[in-house]
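**Student:** I am attaching a structure below and will ask some questions about it afterwards.
The values are calculated or read from the model by the stated rules, or taken from the named source; none is laboratory data. The model shown is predicted, which means the values in this text are computed figures rather than measured ones. All Cβ positions, glycine included, derive from the backbone under ideal geometry; neighbour counts span all protein chains shown.
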Amino acid sequence: MKLVSYLVEGHDQLGIYVDGYIYAMETLHPDLPGSMGMFLQYWEDSYPLALKGEEMVKMGRIPKERGLPYDAAYLLAPIPFPTSCRDGYAFRQHVASARRNRNVPMIPEFDQYPIFYFTNHTSIQGPGDIVCMPDHFEQLDFELEAAIVICKAGRNIKAEEADQYIGGLMIMNDMSARRLQMEEMLLNLGPAKGKDFSTVIGPWLVTLDELEPFEIAPKPGHTGKNWNLRMQCHVNGIQVSDGNLGDMDWTFAEIIERCSYGVTLHPGDLIGSGTVGTGCFLELNGTGKLNDPNYVAQWLNDGDKVELTIDQLGVLSNTIVAEPTDYSILARKKSGHAD
């Protein structure tokens, strides 16, 4: 089942996507919550009821006339108001490549435990324009990821039980302003300003029932579900990334285990996978320079169209748009030091 959030009269509305149409929850059943936030809060009752509604649509018992053409909808992020957003670091290929490109050895701790950072959950957005300030264009980057949403509260969740807390999967673009990111991390804190302006998810949330045919075993020594789903990025129609969700070393279940240690996870919490191998310009540029000293680095610019595709999860499309200002915090840096 594909769950979609869209704008209706200034408010977020939840529906399901079937064959080019969106069907509002109230069309499926009058008792279904009309927003993703409420749907997740009452997941154990709402999810099976929505599945029955989807079956009625597919059987023709709910006609297309009661749906909204997908192209006519103003799409929001599938989870428009997440309660938090964490992003993991699950793909060994990406980590190893990035460290190799910086001429530093692979860090052994990567294979001992999964890590994550918190990003700005109020900057979550869906398909459409990504508005950037001048400093964001100092090495502006995409990051090709998948994400999950937590569908029921839990604390100290063991990895062996964690998959039942996953409401579904979606595409995630962890946008990154690399100069701001690298500058602040010189002080061993962050990332913050390099990340907090936009994180994109969408175009819909795909529930796990729809992904069962694509389940694969996790990497040896790991616990939890994984999925054989190809991941790609195109910038202005040119493919730049190609990976697979099945290459995750740390599973979402294992990341949930660490996230929930001594902490209650809540319905609506987002967790990203981290970047797939080849899934950002920072890695691609480093590899390019390593192989060819004359390689010309690529970064995102005003007007660029970024399309992330993951098999079965759809296409997440955004356009980079420059904010009409010359205001720069990089230009306001202090020089020297205080006595």
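**Student:** Kindly check whether there is at least one residue in region 191-214 that is free of Cβ contacts under 8 Å to residues at least 24 places away in the same chain and either of a type in the set (A, V, I, L, M) or closer than 26 Å to Leu282 by Cβ (or both).
**Tutor:** Checked region 191-214: at least one residue is free of Cβ contacts under 8 Å to residues at least 24 places away in the same chain and either of a type in the set (A, V, I, L, M) or closer than 26 Å to Leu282 by Cβ (or both).
**Student:** Among (1) within 13 Å of the chain's Cα centre (by Cα); (2) exposed (fewer than 12 other Cβ atoms within 10 Å of the Cβ); (3) of a type in the set (Asp, Glu), there is one condition Asp292 misses while meeting the rest; what is its number?
**Tutor:** Asp292 satisfies every listed condition except (1).
**Student:** May I pose another question? Give just the number: which of (1) aromatic (Phe, Trp, Tyr); (2) free of Cβ contacts under 8 Å to residues at least 40 places away in the same chain; (3) closer than 30 Å to Lys152 by Cβ does Tyr295 not satisfy?
**Tutor:** (3)
**Student:** Of the residues in region 145-180, how many are in a helix (DSSP H, G or I) and of a type outside the set (Ser, Thr, Tyr)?
**Tutor:** Residues flagged as in a helix (DSSP H, G or I) and of a type outside the set (Ser, Thr, Tyr) within region 145-180 amount to 9.
**Student:** With the requirement that a residue be within 27 Å of Ile79 (Cβ to Cβ) and in contact (Cβ under 8 Å) with a residue 24 or more places away in the chain, what does region 99-125 give you?
**Tutor:** Correct list: Tyr113, Pro114, Ile115, Phe116, Tyr117, Phe118, Thr119, Asn120, His121, Ser123, Ile124, Gln125.
Results for (1) buried (at least 18 other Cβ atoms within 10 Å of the Cβ); (2) closer than 17 Å to Val149 by Cβ; (3) at pLDDT below 95; (4) of a type in the set (Lys, Arg), shown as yes or no for each residue.
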position: Tyr21; (1), (2), (3), (4): yes, no, no, no
position: Gly37; (1), (2), (3), (4): yes, yes, no, no
position: Glu55; (1), (2), (3), (4): no, no, no, no
position: Gly60; (1), (2), (3), (4): no, no, no, no
position: Arg66; (1), (2), (3), (4): no, no, no, yes
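**Student:** Quick check on region 28-46. Is at least one of its residues on the phi > 0 side of the Ramachandran plot and without any contact (Cβ under 8 Å) to a residue 24 or more places away in the chain?
**Tutor:** no
**Student:** Residues of region 60-93 being out of contact with any helix residue (DSSP H, G or I) (no Cβ under 9 Å at 6 or more places or on another chain) and part of a helix (DSSP H, G or I), which ones?
**Tutor:** Glu65, Tyr70, Asp71, Ala72
**Student:** Sticking with this one: Scan region 80-104 for residues that are farther than 21 Å from Val276 by Cβ and surrounded by 14 or more Cβ atoms within 10 Å (Cβ to Cβ) and report the count.
**Tutor:** 5
**Student:** Name, by its number, the condition in (1) touching a Gly at 6+ places or on another chain (Cβ under 8 Å); (2) over 27 Å from Glu184 (Cα atoms); (3) aliphatic (A, V, I, L, M); (4) assigned to a strand (DSSP E or B) that does not hold for Ile271.
**Tutor:** Of (1) touching a Gly at 6+ places or on another chain (Cβ under 8 Å); (2) over 27 Å from Glu184 (Cα atoms); (3) aliphatic (A, V, I, L, M); (4) assigned to a strand (DSSP E or B), only one is false for Ile271: (2).
**Student:** For region 210-260, enumerate the residues that are surrounded by fewer than 20 Cβ atoms within 10 Å (Cβ to Cβ), farther than 20 Å from Pro114 by Cα and not aliphatic (A, V, I, L, M).
**Tutor:** Glu210, Glu212, Pro213, Phe214, Glu215, Asn228, Arg230, His234, Asn236, Gly237, Gln239, Asp242
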